[in-house]
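A short worksheet on the structure shown next.
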Amino acid sequence: MFGYRLDLPLADDATGRFLSLIIGLMVYLAMLALAGAMALADLGQRWETGLSGRVTVQVLPIASAPGAPVPTPAELTARVSTVITMLRGTPGVIRAEVVPLAEVAKLLDPWLNGALPDDLPVPALIDVVLTGTPALDLRALGAHLAETVPGARLDDHGRWLADLRTLAGVMRAIALLIVALVCGAGMAAVVFAVRTGLAIHQEVINLLHVMGATDGYVAHQFAGHILGLATRGGSGGLVLAVLTLIVMSLFGGEVGSGLLPTLTLGSGQWLLLLLVPLVAGVLAVVTAQWTVIKSLAALP
Amino acid sequence: MIRFDNVGLRYGNGPEVLRDIAFELPPGSFHFLTGASGAGKSSLLRLMYLGLRPTRGTVILFDQNIAQLPRTALPPIRRRIGVVFQNFRLLDHLSAFDNVALPLRMAGFNEGQILAHVGELLHFVGLGDCLNARPSTLSGGQQQRIAIARSVINRPRLLLADEPTGNLDDGIGMRLIYLFEELNKLGTTVVIASHNQTLIEHFDHPRLHLESSSLRVLPRRGTRMA
């Protein structure tokens, strides 16, 4: 492999072919899992940027006091205007706009499955954009609005965002766990292949040992051989993973909605993915060296 | 050169295969190691080339107490010992050249030096035309010469041979011992394990004789057979 001269006939071992295949598969899976983790991180970031700095104020069509009549549409519009005026007068608020009824109807469409009934008491929604600096006391603002305007409620999306953050975090952790497990499985395969090689070539290794070979010399032989296998397998896994990601990116772009993670990776992320076969090679070589050195310690 | 004091060796929990072995080989000496099959000749040789550590006793090699040295200190000492094995133990996946070059590669010589030294030695032993031949394609005599070339390529101070004439007829065996004598004259200490009585009697060298797991040093007779 690469013109590397081996004193041990490792190239003829059947385990080598399987190891190459296993490393290729591990690189493929690790790259996909890592791409998934990065896509989820991006999604979390998009949620953060999309929703942080925004709040929604609902004005519910409820009575101003127990026993009072339900507000008419004109009264509700007046309440909405009051809220908007209050919001626009609050330092830290950039914009406060009523969400048109047609958009509200669109949001409710999945649940109502059709046209919005006229008699359905739909709350008015006000989309509020905040500067972020200075940080606004949303709790106080919400309390103030609720006291001043009956039925006014401020939703800072905090709970929803926190749930999504947790979900994205868990998914990312699972993806990274998969990467770690794949690494572990790959290293176990290398240990197995090296131990098999040590057993098969025990006589030759004993001969080299008697002739004055250091443990490092023998370990270097195995490491060179494993590096060749890892490079071959890793290259195959890399090509396959890149093709898969490109296909997923193309299909994801067509069917994806805003919530689903799209696989549009930046150049830095691609670079990180391309490092996977290199890391796999380094891990395989280090594991092989460590296994050989550990095993040869039993020799006199 | 070599000193064994009260050395014992047992494999696992078995009985001692070597017991109270004590001898000293001065630098530049030539000894035969004799004894019946199973007497422990190969085990004693393995102790001498550091393929085994004794169960008890002291082994002094090149003025160093082997028992007190860490494992990592042993490879440089092993490189000062040449070993010719009974079945040559050549690596069949390597060419004749690469087999002979092994000790030099392990010692860290560069490829230029290796090319010069190995080529010269293989020409010297008459295998200049077989540099790239695999051992399995060569005759027993040629394989033997490769094995000897491999054992002396790094100019060992101690040369050990385990039944080197075992598979050879007496004529070729004699020539081999003459070759070892030539190396001995250049200063190499030589120990040859053999049970070939004809050869041993032909060459007048002192003997290390193993019997019932114990060793006796038998001096030279003072005459050499014609």
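The values are calculated or read from the model by the stated rules, or taken from the named source; none is laboratory data. The shown structure was predicted, so the numbers you read here are calculated from the model rather than taken from an experiment. Cβ: placed from backbone, ideal geometry, glycine included. Neighbour counts: every protein chain shown.
Descriptive notes on the structure:
- Answer residue from segment B:20-52, given it is part of a loop (DSSP other than H, G, I, E, B) and small (G, A, S) and is nearest to A:A213 (Cα to Cα) among those: B:G51
- Positions within segment A:186-209 being aliphatic (A, V, I, L, M), more than 11 Å from chain B (Cβ to nearest Cβ), surrounded by fewer than 22 Cβ atoms within 10 Å (Cβ to Cβ) and in contact (Cβ under 8 Å) with a residue 12 or more places away in the chain, in sequence order: A:M187, A:A189, A:V191, A:L198, A:I200
- Scanning segment B:26-46 for residues being touching a helix residue (DSSP H, G or I) at 6+ places or on another chain (Cβ under 9 Å) and under 18 Å from B:M1 (Cβ atoms) gives a total of 6.
- Residue match in segment A:60-72 (condition: of a type outside the set (A, V, I, L, M, F, W, C) and under 19 Å from A:G268 (Cα atoms)): no
- Conditions (1) surrounded by fewer than 22 Cβ atoms within 10 Å (Cβ to Cβ); (2) touching a Ser or Thr at 6+ places or on another chain (Cβ under 9 Å): number failed by B:A161: (1)
- Conditions (1) over 30 Å from B:I77 (Cβ atoms); (2) buried (at least 17 other Cβ atoms within 10 Å of the Cβ); (3) among the charged types (D, E, K, R); number of the one not met by A:D215: (1)
- When A:D119, A:D109, A:D127, A:D155 are checked against the criterion of being within 26 Å of A:A74 (Cα to Cα), touching an Asp or Glu at 6+ places or on another chain (Cβ under 6 Å) and among the acidic types (D, E), a single residue qualifies: A:D127.
- Given (1) crowded, with 19+ Cβ neighbours inside 10 Å; (2) part of a strand (DSSP E or B); (3) hydrophobic (A, V, I, L, M, F, W, C); (4) away from chain A (no Cβ under 14 Å), number of the condition B:V17 does not satisfy: (1)
- Check on B:A96, without any contact (Cβ under 8 Å) to a residue 24 or more places away in the chain and more than 8 Å from chain A (Cβ to nearest Cβ): no
- Any chance A:P61 is outside any helix (DSSP H, G or I) and either loosely packed, with under 13 Cβ neighbours inside 10 Å or free of Cβ contacts under 8 Å to residues at least 60 places away in the same chain (or both): no
- Qualifying position, being at negative phi, modelled with pLDDT under 90 and among the β-branched types (V, I, T), among A:T231, A:T264, A:T244, A:T214: A:T264
- Tally of residues being on the phi > 0 side of the Ramachandran plot and either assigned to a helix (DSSP H, G or I) or free of Cβ contacts under 8 Å to residues at least 60 places away in the same chain (or both) across segment B:135-191: 1
- Meets criteria (closer than 30 Å to B:G140 by Cβ, surrounded by 14 or more Cβ atoms within 10 Å (Cβ to Cβ), more than 14 Å from chain A (Cβ to nearest Cβ) and in contact (Cβ under 8 Å) with a residue 24 or more places away in the chain) for B:G82: no
- Selection within segment B:59-79 - at the interface with chain A (Cβ under 9 Å from one of its Cβ atoms) and among the charged types (D, E, K, R): B:R71, B:R78, B:R79
- Candidate set from segment B:1-39 (those that are among the small types (G, A, S) and in contact with a Lys or Arg (Cβ under 9 Å, 6 or more places away or on another chain)); member that is farthest from B:L159 (Cα to Cα): B:G8
- So B:V125, is it within 17 Å of the chain's Cα centre (by Cα), farther than 15 Å from B:Q86 by Cβ and of a type in the set (V, I, T): no
- Residue within segment A:7-14 that is touching a residue at least 24 places away in the same chain (Cβ under 8 Å) and more than 14 Å from chain B (Cβ to nearest Cβ) present: no
- The numbered conditions (1) surrounded by fewer than 21 Cβ atoms within 10 Å (Cβ to Cβ); (2) of a type outside the set (G, A, S); (3) more than 21 Å from B:D162 (Cβ to Cβ) are all true for B:V125 except (3).
- Checking A:G212 against (1) part of a helix (DSSP H, G or I); (2) within 13 Å of chain B (Cβ to nearest Cβ), the condition it does not meet: (1)
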